[in-house]
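Beneath this line is the structure, given in structure tokens, with notes to follow.
The values are calculated or read from the model by the stated rules, or taken from the named source; none is laboratory data. Given the structure is predicted, the values throughout are model-derived calculations rather than measurements. Note that we place each Cβ from the backbone using ideal geometry, even for glycine, and neighbour counts take in every protein chain shown. Ligands, DNA and RNA are excluded from the accessible area calculation, which covers all protein heavy atoms including side chains. Shrake-Rupley method; radii C 1.70, N 1.55, O 1.52, S 1.80 Å.
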Amino acid sequence: MRVLMCNCHNSLKLPKLKLGPDVKVEEFDDLCKTKPEIAPDEKVVIAACSPNLLEGLFPGTNAEFVNILEHVFLIGHRPEKAEQMINAAVAKMEKTRPVKTKFFQISSRKALVIGGGIAGIEVTAQLSKNGIETTLIEKTPFLGGTVAKLDRLYPEGTPYSHTLMPLINTMQSQKNAVSLCNTEITKVSGRVGDYKIELVTRPRGVQECINCGKCIDVCPVEIDDAGKSRKAIYYVPTYPDMYAIDFAACTRCGECVKVCPGRIDLNEQEKVSEIAAGAVIVATGLLWYDVSRVEEYGYGRLDGVMKTLEFERAVAAGTLRPKKVAIIYCAGSRDSKHLPYCSKICCLLGLKEAKLIIDRYPDVQVYVAAMDMRSYGTFEYLYNTLREKGVSFIKGKPSEVFRWNGKLAVRTEDLFTNELMEIEVDNVVLSSGFVPDVETFSKLKINLTVDFPVLYENAGLSNTELPRGIFTAGAATFPGGVAETLIDARKASHSALSLLAQKEIETKINQAVVDEDLCSVCRMCIGTCPYGAISVVEDKIKINEELCMGCGICSVTCPAYASQLEGWNHEGLREQIRELAQQGDIVAILCRWSAYNATERAAQDKLGYPGNVKIIRVPCTGAVDPSHIMLALNNGAKGVLIGGCYPHACHYARGNFRAKAREQILKLNLESLGMAGNQVRLEWIGKDEAHKFVEIVQEMNK
Ligand code: FES
């Protein structure tokens, strides 16, 4: 083993280490510049500055990083502490299983795009132009997604077809592009570079069509399709250029078959097929929040209360001619009972609805009730235009929509005038937010732990180093307007292209490994893995390397310690704690993504804390075993702090919640043994919360 120490341009007085004969110690003036060679299978301890920096300088190494700069020298702790930290790291590395290098072949250079809206169409066009055989699937009978349902696009109010049709035509002209409508994924297996995806294509009913429209004249079933009425057999002027039957509404009366000069088959069966793809791009677009859950606004209960899309389509179809309209913003958004987040584009959609109705009927009186107007960027001029056109803007969140003497009314406050008001209107338009397509993501084994995948790295839908080959494009990432959606689609195409251009991916991430001699196949680990990476194969527990993200949760769940994380196995951690924890110390076991970074921030912000605080970095609090805590206490530590990510911010879905549950049980056990339960604390500490970290350790030190 080697120990590489950096004196940071001779500014640090490094300790004289007394280590065994098989440990070679090297000192550097500037490790960042010198960057000594480290063999991939060599074990090293690097004592210098932040591991966040050093991991980037020494990628793919089996290194334990010791931050002597920020944990000792910058905060005025004694150099002996640095020596102790390095000794503990050496002890850990001696017992640590090295991290293996893994290779994943990119076996298929094809791509699957899910969702036939503008993002999916653009991704398919970009990939196929660049020689990638790309299959686009759309679950409805027509391409176009949300844009094809709209009348016009903001800010100018241009018809949707001006944008959509050129995109479809460009995609259709590519020989590598195939589009399948009425098609969804049913099963997905495989991994980055080698997915097998089962598809089901539901019947279209119409097999040959000359677009004569005779079928809609005779179809007796009329339904409301988001504000517009249509028949059970219908046509959307996008692609493919033929009618389709909505079998959910069709009664199979056969009238259309009698008049059709082409061919309609009411008994057509669904087809199951399988395709291979090296990359999958999710472009499932926008899903409107179920605004009927905002009960006070009466959607679905009160006539005249509509969603933005329904209002726009009904006005465009000429079936709605109101004299007074109220548009309520943030209907269910920025509200802890519904959607806590801002969906970004609903303010603009609301402004667009105001413009569309005023452009068509200049005498209409429009009220817009908004907590705040978020007409970001250049869209501010749309807001200003509408003010000039006489739209009444009210600052406030309406408390209720109700009917009184047959009239629809909105009750609201106006913070501009400090008045309470009741406005009688013909229609109320609810501008609600959007939710992600959780169903498609879960079919791809991605459980969204944030509201939209926007917080995940687009390169792999996870914050770990193993790319999944699954990308998001457009509003599937986060709601956006047409221009933003197309830009995001191009970014996703380039990410997919650069993945598919490789022959194989080489990664070195810490993954769980099962010792079959210790494993009794009790299966407890299976349910705790947030990624579904553990299964029983031929009566043995197997970790799927393509799915394991290296959280270490299974290693703590396993009663026999058979499952262990490469680079962080229990024996290594125990050695580190044994070496580090001394009488009267506070041992801080901190998540590398959050609390650990707060300790570095403390040094940068010159926030001191006592020298008896000993810091250990772990991949997630979910990987902290109660035996680690007990060992520290048995060694004489007066307290153990486990610092992790805030609820719902854990990089591994729910590792921090598991840690919290264990802390509670451990405290009860300590108390039943007559020990003080408050010796152990689990705290959520954000990466910038240096003050919080310092306050906690000072309090524990009292
Ligand atoms: Fe920070 Fe799980 S990743 S607590």
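Annotations for the structure displayed:
- Separation in nanometres of the label points that stand 7 Å from Cα toward Cβ, at residue 702 and residue 169: 7.4
- Size of charge dipole - the chain - debye, nearest 20, with Cβ of Lys, Arg +1 and Asp, Glu -1, no other charges: 20
- Solvent-accessible area of the stretch 69-151 (1.4 angstrom probe, protein heavy atoms only): carbon and sulfur portion equals 49 percent.
- Overall shape: oblate for the stretch 564-639, with the ratio a/c of the largest to smallest alpha carbon gyration tensor axis at 1.5 or above and b/c at least equal to a/b.
- Cα long-axis angle, helix 482-500 against the chain (0 to 90 degrees, to the nearest 10): 50
- ³J(HN,Hα), Karplus 6.51/-1.76/1.60, whole Hz, each residue of the stretch 31-40, x for Gly, Pro: 4, 4, 7, 5, 6, x, 5, 10, 5, x
- For the stretch 161-205, the spherically averaged projection of the C-alpha convex hull amounts to 5.0 nm².
- Exposed-loop-free span, longest in the chain, where GluC sites (Glu not before Pro) count as exposed if DSSP calls them loop and at most 14 other C-beta atoms lie within 10 Å: 271-456
- In this structure the amide hydrogen of residue 615, modeled in the peptide plane, comes within under 5 Å of the amide hydrogens of 588, none closer than 5 places in sequence on its chain.
- Across the stretch 295-399 the C-alpha pair distances fall into 10 Å bins from zero in the proportions 14, 48, 33, 5 percent.
- Computed over the stretch 73-220, the P(r) tail beyond 29 angstrom holds 46 percent of alpha carbon pairs.
- Distant-in-sequence amide H partners of residue 569 (H built 1.01 Å from N, under 5 Å): 97
- Neighbour cut-off at most 10 other Cβ (10 Å), DSSP loop, trypsin sites (Lys or Arg not before Pro), the stretch 152-222: 175
- In the context of the full set of protein chains, the stretch 342-381 has a per residue accessible area of 38 Å² (1.4 Å probe).
- Annotation: aspartates and glutamates with alpha-carbon distance below 17 angstrom to residue 24 (same-chain offsets under eight excluded): 37, 41, 42, 64, 83, 94.
- The stretch 226-352 shape via C-alpha gyration tensor axes, a/c threshold 1.5: oblate
- When exposed loop sites are taken as chymotrypsin sites (Phe, Trp or Tyr not before Pro) in a DSSP loop with at most 14 other Cβ atoms within 10 Å, the longest stretch of the chain clear of them is 1-375.
- Near-label residues of the stretch 1-33 by backbone N, under 18 Å of a point 7 Å along Cα→Cβ of residue 39: 1-4, 21-26
- On Cα atoms only, tilt of 118-129 relative to the major axis of the chain in degrees: 70
- Note on residue 246: accessible area is roughly 30 Å² with a 1.4 Å probe, heavy atoms of protein only.
- Per residue accessible area of the stretch 608-661, 1.4 Å probe, in Å²: 28
- Alpha carbon centroid spacing (whole Å) that separates the stretch 562-605 from the stretch 487-547: 25
- Partners of residue 344 within straight-line reach, counting lysines whose Cα lies under 19 Å from its Cα and excluding those fewer than 8 residues away in the same chain: 307, 352, 355, 395, 397.
- Rounded to two decimals, the Cα radius of gyration of the chain over 2.2 N^0.38 Å is 1.15.
- Charge tally in the Cβ shell below 9 Å around residue 67, where Lys, Arg are +1 and Asp, Glu are -1, residue 67 excluded: -1
- The alpha carbon convex hull volume per residue for the stretch 99-183 rounds to 135 Å³.
- For the pair residue 634 and residue 419 in one chain, pulling the backbone fully straight at 0.36 nm per residue adds 70.8 nm over the alpha carbon distance.
- Of 214/258; 81/638; 43/95; 503/542; 102/503; 337/443, those spanning more than 20 Å from alpha-carbon to alpha-carbon: 503/542; 337/443
- Qualifying trypsin sites (Lys or Arg not before Pro) in the stretch 230-339, where qualification requires a DSSP coil assignment and no more than 13 other C-beta atoms within 10 Å, comprise 252, 301, 323, 337.
- Between the stretch 167-213 and the stretch 304-379, the Cα center-to-center distance that results, in Å: 34
- Think of it as helices only: each DSSP H run of n ≥ 4 in the chain is worth -39500 (n - 2.57), and spread over all residues that comes to -8000 deg cm²/dmol at 222 nm.
- Rounded tilt (10° steps) of 570-580 against the dominant C-alpha axis of the chain: 50
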